[in-house]
Amino acid sequence: MANIENDLKSKNVLVTGGAGFIGSNLCDKLISLGAAVICLDNFFTGKKDNISHLIGQENFVLKEGDVNQPEFLEKIFDEYNIDYVFHYAAVLGVKRVTENPLLVLPDLDGIRHLLRIAQAKKVKKIVFASSSEAYGFSTALPLKEDDGQELIANQSNHAHLYALIKLIGEKIMKTYNDHYGLPTVSLRFFNVFGPRQESSAYGFVVGVFIKQILDGQPPTIYGDGYQTRDFIYIDDNVRLAIQALLEEKTNGEVINIGVGRQTTIVDLAERLLRLSGQDLRPVFIKDRSYEIKYRSPDVTKMRRLLGDGIADNLDDNLKKTYEWYRKNMFKQKA
Ligand code: UDP
């Protein structure tokens, strides 16, 4: 196994989307491991607050711009000798991409130009953030990377254009890995949660529920609440992504990144209410029309390639997340 404590010392690591929820937590970890981080973000969904503590640090550079613009990317690669890339910049959020599906198309330009430039500059490896959305409405649980369940294999399984872009991205990554001498790995992230995640109406369920509870409002559950997701804490997601970067045997692979445990949304709401100590009951509202009912990854491949997997301590991690929002929401109001 690669040693993530040592192998990144003095390496130049480019993180696209580095001011986002996952990207900024990744930047923190990379810096703590001795890497120099070049963080790119256009602040469409990324936030300055997520990285303000890093600005001015010796090993951190922020470049504001759009990763889908080739001139911007070329300049970065000319200025810095990039060893590794985490390509995390993308349009995201079910509500946002459903309201405006074409928003995701320019993300293909970013993928295209990044690979072309990275290959020319002899980058050592790229980690591409894909998504569990790649499985679309597949019901063959647990969702497995290599058995053709992806929506592209089935035209009637059409979740979002977003998912198609991720699948095309994975395919391009693999092509460069197999035929053009540029190591890559694609990671299908299941539902990540933790500090800094968006909690607005465009946000994600853990942040949304916590914000509602902190505002004294009941969590709003879509449908019957028996839909399931696999919730992985941000620190685990970040650690596994770095492991995937450093592990040579991941080259050319697509890997699910999750805990391997289904949680219903009702259960999630109850856990959060319990730890908040608030006397509230969830309310049930109309289903989302684009709801995926069950989602659960097969994590056999992740365990084989990246080590033992993840300690399953959902309640502790929800508590840490809740505390973070509590402190930060009060800070914002002060
Ligand atoms: N969800 C909910 N109420 C909300 C937000 C989300 O019940 O206010 C549910 C949603 O129906 C889905 C799950 O939480 O089953 C995760 O939603 P999210 O948008 O966070 O991520 P998704 O997995 O759908 O991309």
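Derivation of every value follows stated rules applied to the coordinates shown; laboratory data play no part. These numbers were taken from a predicted model, which means no experiment stands behind them. No Cβ is skipped: glycine too gets one built from the backbone with ideal geometry, and neighbour counts run over all protein chains shown.
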Correct semi-axes for the chain, from √(5λ) of the alpha-carbon gyration tensor and rounded to whole Å with the largest first, are 31, 23, 19
Between residue 48 and residue 200, 0.36 nm times their residue separation minus their Cα-Cα distance comes to what?
53.1 nm
Residue by residue through segment 122-130, what is 3J(HN,Hα) from phi via Karplus (6.51 cos²θ - 1.76 cosθ + 1.60, θ = phi - 60°)? Round to whole Hz and write x for glycine and proline.
6, 4, 6, 5, 10, 9, 10, 7, 9
Pull out a ≥ b ≥ c, the square roots of the eigenvalues of the alpha-carbon gyration tensor of segment 260-325, then state rounded if a/c is under 1.5, prolate if not and a/b is larger than b/c, and oblate in the remaining case.
oblate
Rounded to the nearest 0.05, FRET efficiency between residue 100 and residue 55 (Cβ-Cβ, R0 30 Å) equals 0.45
Can you tell me the orientation of helix 70-79 relative to the chain, as the angle in degrees between its alpha-carbon axis and the longest Cα principal axis, to the nearest 10?
60 degrees
Roughly how many nanometres apart are two label points built 7 Å out from the Cα toward the Cβ at residue 319 and residue 161?
4.5 nm
I need the phi-derived Karplus couplings for segment 11-26: 6.51 cos²θ - 1.76 cosθ + 1.60, θ = phi - 60°, integer Hz, Gly and Pro marked x.
8, 8, 10, 8, 10, 7, x, x, 9, x, 4, 6, x, 5, 5, 5
7 Å from Cα along Cα→Cβ at both residue 291 and residue 267: what's the point-to-point distance in nm?
1.7 nm
Using Cα atoms only, what is the angle between the long axis of helix 314-333 and the major principal axis of the chain, expressed in degrees (0 to 90) to the nearest 10?
90 degrees
Cut-off 9 Å between beta-carbons: net charge of the residues surrounding residue 63, Lys and Arg +1, Asp and Glu -1:
-2
Karplus (6.51, -1.76, 1.60) ³J(HN,Hα), θ = phi - 60°, over segment 164-181, in Hz, Gly and Pro reported as x
5, 4, 4, 5, 5, x, 4, 5, 5, 4, 5, 4, 5, 5, 7, 10, 10, x
Rank-order 208-214, 174-180 by packing density, defined as the average count of other C-beta atoms within 10 Å over each peptide's residues, highest first.
208-214, 174-180
On a 0 to 90 degree scale, rounded to 10, what angle separates helix 265-276 from the longest Cα axis of the chain?
80 degrees
Considering amide H positions built from the backbone, and no H for Pro or chain starts, which residues 5 or more places from residue 143, or on another chain, come under 5 Å of its amide H?
296, 298
Label-point separation in nm, residue 281 to residue 175, each point 7 Å along Cα→Cβ
5.5 nm
Please give the FRET efficiency for residue 6 paired with residue 308, using the beta carbon to beta carbon distance and R0 = 30 Å, rounded to the nearest 0.05.
0.95
Lys and Arg at +1, Asp and Glu at -1: add these up for the other residues within a Cβ distance under 14 Å of residue 322 and post the number.
+3
Amide H to amide H under 5 Å from residue 60: which residues, 5+ apart in sequence or cross-chain, H placed 1.01 Å off N in plane?
37
So if R0 is 45 Å, what FRET efficiency would residue 32 and residue 139 give, r being the distance between their Cβ atoms, rounded to the nearest 0.05?
0.65
Mind ranking 19-30, 42-53, 270-281 by how tightly packed they are, going by the mean number of other C-beta atoms within 10 angstrom, highest first?
19-30, 42-53, 270-281
Could you tell me how many cubic angstrom of Cα convex hull volume segment 1-44 has per residue?
63 Å³
What does the C-alpha gyration tensor say about the overall shape of segment 251-291? Classify as rounded when a/c is under 1.5, otherwise prolate if a/b is larger than b/c, or oblate.
oblate
When Lys and Arg each count +1 and Asp and Glu each count -1, what net charge do the other residues less than 13 Å away from residue 79, Cβ to Cβ, add up to?
0
For segment 177-302, rounded, prolate or oblate, judged on the Cα gyration tensor with a ≥ b ≥ c (square roots of eigenvalues), a/c < 1.5 rounded, else prolate if a/b > b/c?
prolate
